[in-house]
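Below is one structure, written out as structure tokens; comments come after it.
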Amino acid sequence: MLSEKDMEKIQDSLKYFKEEYKFLEPFILGEMEKVSGIYPYHGGTVHTNDVVESFRKIALLSGINQDYPGYWLGSIAMLGHDAGHLVTLHSNMTPLEVSKNHERFGMELARDLILHRNYFGKNVESALGKPRLSENHYNIISGMIGATKLPQSPKNLLESIGCDADVDNFGRDDFFKKGHILKEEIESITGSKI
């Protein structure tokens, strides 16, 4: 049985995870809107919000609720799982080059934002507050982002849930609508009809 002191530590940690999500959510979603014209499926807020919501539903079904750090770390990871597309706005790379490597770029962006409050060379501590998470927390988040690269390669339960959440819409009623938007995005960035 956990002592009262251990329970307080867990509750303090959960508070930091919740705060981190609360600050990162509007920041990342606002930035993602800036690439929605380039990436109509992966940019913007619809897919990102959808994946976060799917992650939370699957986590709850897997016995991971809001009282577990993994719930919040996973929510943060899914919030940033496609944020690597933002590199398009800050580099000379083509949207296709960025898209092929967006998970890696997302992992790098997560490191900079979570540990250093750096956003493409700009200090964003005033918007996000002081860093709340450790290198170990970043490693969990980074692992979840990296696992979503196709073909998916999850190594633990949280990564598996994140991978399932990322492709959840492929088995839903809105598949054809979202699939059409994804098809348009692929055709636009590759310059080829599919």
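Using a cut-off of 30 Å between alpha-carbon atoms, which lysines can reach residue 193, once sequence neighbours fewer than 8 places away in the same chain are excluded?
Within the straight-line limit of under 30 Å, residue 193 reaches these lysines: 34, 100, 149, 177, 178, 183.
Would you calculate the separation in nanometres between label points at residue 168 and residue 126, each defined as 7 Å from the Cα along the Cα-to-beta-carbon direction?
If labels sit at residue 168 and residue 126, their model points lie 3.6 nm apart.
Please give me, ordered by residue number, the trypsin sites (Lys or Arg not before Pro) of the range 122-185 that lie in loop per DSSP and have at most 14 other Cβ atoms within 10 Å.
Working: sites: 122, 132, 149, 155, 172, 177, 178, 183; in loops: 132, 149, 155, 172.
Loop-located and lightly packed - 155, 172.
Got a number for the accessible area of residue 116? Probe 1.4 Å, square angstrom, nearest 10.
Rounded to the nearest 10, the figure is 110 Å².
If you roll a 1.4 Å probe over the heavy atoms of the protein chains, what accessible area per residue do you get for the range 101-180, in Å²? Write down the numbers at each step before the final one.
Details: 4280 Å² over 80 residues.
Here the per-residue accessible area is 54 Å².
So how strong a dipole does the chain carry about its Cα centre when Lys and Arg Cβ are +1 and Asp and Glu Cβ are -1, to the nearest 20 debye? Mind dumping the intermediate values first?
Numbers: 22 positive and 28 negative charges, 43 e Å.
In debye, rounded to 20, the chain gives about 200.
Rounded, prolate or oblate for the range 66-167? Axes are the square roots of the Cα gyration tensor eigenvalues, ordered a ≥ b ≥ c, and the cut-off for rounded is a/c under 1.5. It would help to have the intermediate numbers written out before the result.
Values: a/c = 2.34, a/b = 1.07, b/c = 2.18.
Oblate shape, in that a/c is at least 1.5 and b/c is the bigger or equal ratio.
Is the C-alpha gyration tensor of the range 125-172 telling us rounded, prolate or oblate? Criteria: a/c under 1.5 is rounded; beyond that, a/b larger than b/c is prolate, otherwise oblate.
Working: a/c = 3.18, a/b = 1.87, b/c = 1.70.
Prolate, because a/c is 1.5 or more and a/b exceeds b/c.
Pop out the carbon and sulfur fraction of the accessible area of the chain as a percent, whole number, probe 1.4 Å. Let's see the in-between values first.
On the way: 5650 of 10170 Å².
Looking at the chain in its full context, I get 56 percent from C and S.
What is the Cα convex hull volume of the range 1-110 when expressed per residue in Å³? Each step should come with its number before you reach the end.
Details: hull volume 11.2 nm³, N = 110.
Spelled out: Cα convex hull of the range 1-110, divided by residues, is 102 Å³.
The values are calculated or read from the model by the stated rules, or taken from the named source; none is laboratory data. Note that the coordinates shown come from a computational prediction; the quantities given were computed from them, not determined experimentally. A quick note on method: Cβ atoms are made from the backbone with ideal geometry, for glycine too, and the neighbour counts reach across all protein chains shown. Surface accessibility is based on the protein's heavy atoms, side chains included, excluding ligands, DNA and RNA. Shrake-Rupley method; radii C 1.70, N 1.55, O 1.52, S 1.80 Å.
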